[in-house]
Amino acid sequence: MKESYSNVLEKETGILVGAQVGPPNGQSLSLEDSLAELELLAETAGVEVVGTLTQQLETINPRTFIGSGKVEELKLLANELGVNMVIFDDELSPRHQRELEGIIGESIKIIDRTALILDIFAQHARTYEGMLQVELAQLEYRLPRLTHAWIHLERQAGGGGGRAGGVGGVGLRGPGEKQLELDRREIKKRISRIKDELKKVQEQRSQHRAHRRKTNIPVVALVGYTNAGKSTLMNSLTHAGIYVADQLFATLDPTTRQLELPSGQAVLLTDTVGFIQKLPTQLIAAFRATLEEITEADLLVHIVDASHENAIEQQRTVLGTLDEIGAGDVPILTVFNKIDLLDEPAREEMRHNADPQAIFISAKTGEGFEALLAAIERELISQYTQITVMLPFEQGQLRSLFHERGKVQRTESTADGIRMSGYIPKELVSLFAPYQLKREK
């Protein structure tokens, strides 16, 4: 018991602050739901939420984001509860952060949703590229916020985006403007070095993608809101061994494994980072190379948490983010996961309201997997062209290509060559055109 009590005492505590600016937007989460999500983010970062403050605003206060009276209320609440952190649900400008720190006191860290997500990403990045991307996003976020909270890069050296000074990287106080300028220069140098290093890593990733294209194996990417169950599904289908936890952003770095479809065709299945509403622009920019795994996929399997009360809003957020990163034109198969958590009436209601092509599964129990794999195969085939060819015996390469990239339905050896019927990707039709036969009636 003593050990448990000690851990509670050492845990950071915080107050959440949310503001509804203008009329509610039907395309996003309500203020209450957004704050509930922010609390989950805080818990994932190791912060215990002990209080919440909300305000309805016509416009954002240019000095303190929320109104001056509400700031005083926040200061009193923070002192009363003895917290060491205040977390805003929306991104604060550098001025907002400075003014709030001056009023509430420098002993209490003022951070926003962006800083919180960056901190979680820093905890969960495992690959070299992922750590570089997180560190770049953190430094670019912190650079304009150094006036009252400066950091030494030595605290991050070798950490690749580690948690400098706790959540938000705020904790040390600078000795003066001279030190601030030195820190700014050092951060700019570090940003430049990281970008150079990322270019090299991204070139290697591009080479890997080019190699994959040469193997002619279709790429299927799992996308979805964070904690929708993508990694659980990946593990169930491919035994990938990805870390799974009931928390936001439990996994960050993409994982790719080969998966065999019912017909025997192989595809590459990629698990990608989860999306979330108000995803920091720094992360979208920093992770653009990783997100290319999504934009260059042959098919996106959009995993939706069917048991979540905001499933539709989460679905819209993912589709909006896909448009933002340039993946809006990639074919999408919608899959509602976690149906094991729904009773039969709830399942029927969701099926009634969902797209007729949507698939319903439980990544945990395996229910619906047969339908899912068949749907993936069907979606990929829709990108193919039915064809019958007579390949000369010496065209072994084309025969292999047909088997690797296509879906062979019938093969027959004749005196003139090998007659093959089936489906091939539309972009390969020109290679087979010289040997194409008229389609059988």
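Read the figures in this text as sums done on the coordinates, not as results from a lab. Everything numeric in this text was worked out from a predicted model, so none of it was measured. Ideal geometry is used to build each Cβ from the backbone, glycine not excepted, and the neighbour counts take in all protein chains shown.
Order these by the 10 Å Cβ neighbour count, fewest first: Arg205, Arg142, Arg185, Arg351.
Arg185, Arg351, Arg205, Arg142
Run through the DSSP bridge list for region 273-421 and note the antiparallel percent, rounded to the nearest 5.
Percent antiparallel among DSSP bridges in region 273-421 is about 50.
For a quick check: with amide H placed at 1.01 Å from N, whose amide H comes under 5 Å from Gln277's, ignoring anything fewer than 5 positions away on the same chain?
none
Pairs Lys178/Lys199; Lys407/Lys438; Lys11/Lys75: which exceed 27 Å Cα-Cα?
Too far apart for the 27 Å limit: Lys178/Lys199.
With +1 on each Lys and Arg Cβ and -1 on each Asp and Glu Cβ, how big is the dipole of the chain about its Cα centre, in debye rounded to the nearest 20?
So the dipole magnitude of the chain works out to roughly 1800 debye.
Percentage of Cα-Cα pair distances in the chain greater than 35 Å, rounded to whole percent?
Above the 35 Å cut-off, the chain has 41 percent of its Cα pairs.
Run through the DSSP bridge list for region 2-117 and note the antiparallel percent, rounded to the nearest 5.
Beta bridges within region 2-117, antiparallel portion: roughly 5 percent.
With a/c under 1.5 counting as rounded, go ahead and sort region 2-117 into rounded, prolate or oblate using the C-alpha gyration tensor (a ≥ b ≥ c being the square roots of the eigenvalues; past the cut-off, prolate if a/b is larger than b/c, else oblate).
Cα axes put region 2-117 in the oblate bin.
What number, rounded to the nearest 500 deg cm²/dmol, is the helix-based mean residue ellipticity at 222 nm of the chain, given -39500 (n - 2.57) per DSSP H run of at least four residues and division by all its residues?
It comes out at -13500 deg cm²/dmol, rounded to the nearest 500.
What full-extension length gain, to one decimal in nm, is calculated for Ala285 and Gln204 as 0.36 nm per residue of separation minus the Cα-Cα distance?
Taking 0.36 nm per residue and subtracting the Cα distance, the gain is 27.3 nm.
Using a ≥ b ≥ c from the Cα gyration tensor of region 217-381 (square roots of the eigenvalues), is it rounded, prolate or oblate, where a/c under 1.5 gives rounded and otherwise the larger of a/b and b/c decides, a/b for prolate?
Here region 217-381 falls in the rounded category.
Run through the DSSP bridge list for the chain and note the antiparallel percent, rounded to the nearest 5.
Taking every DSSP beta bridge within the chain, about 40 percent pair in antiparallel fashion.
So for region 217-381, averaging the separation of alpha carbon pairs under 8 Å that are six or more residues apart and normalising by length, what relative contact order in percent results?
That works out to 25 percent.
How far is helix 369-381 tilted off the main Cα axis of the chain, in degrees rounded to 10, range 0 to 90?
70 degrees
DSSP loop GluC sites (Glu not before Pro) in region 349-438 with at most 15 other Cβ atoms within 10 Å of their Cβ, which ones?
Glu367, Glu394
Which chymotrypsin sites (Phe, Trp or Tyr not before Pro) in region 387-441 sit in a loop by DSSP (not H, G, I, E or B) and have at most 15 other Cβ atoms within 10 Å of their own Cβ?
Phe393
Return a whole-number percent for the relative contact order of region 385-437, with Cα pairs under 8 Å and 6 or more residues apart as the contact set.
Dividing the mean separation by the residue count of region 385-437 yields 50 percent.
Could you name the lysines in cross-link range of Lys338, using Cα to Cα under 28 Å and dropping any fewer than eight places away on the same chain?
Cross-link targets: Lys230, Lys278, Lys364.
Which whole-number percent gives the relative contact order of the chain, counting Cα pairs below 8 Å spaced six or more residues apart?
In percent, rounded to a whole number, it is 11.
For an R0 of 45 angstrom, estimate the FRET efficiency from the Cβ-Cβ distance between Met390 and Ala266 and round to the nearest 0.05.
The calculated FRET efficiency here is 0.95.
Test of understanding: in a Gaussian network model of the chain with alpha carbons linked when under 10 Å, which of Gln315, Gln97, Gln179 would top the mean-square fluctuation ranking?
Of Gln315, Gln97, Gln179, the most mobile in the Gaussian network model is Gln179.
Could you calculate, for region 385-437, the ratio of the Cα radius of gyration to the Kirkwood radius, expressed as Rg to Rh?
Taking Rg over the Kirkwood Rh, I get 0.91.
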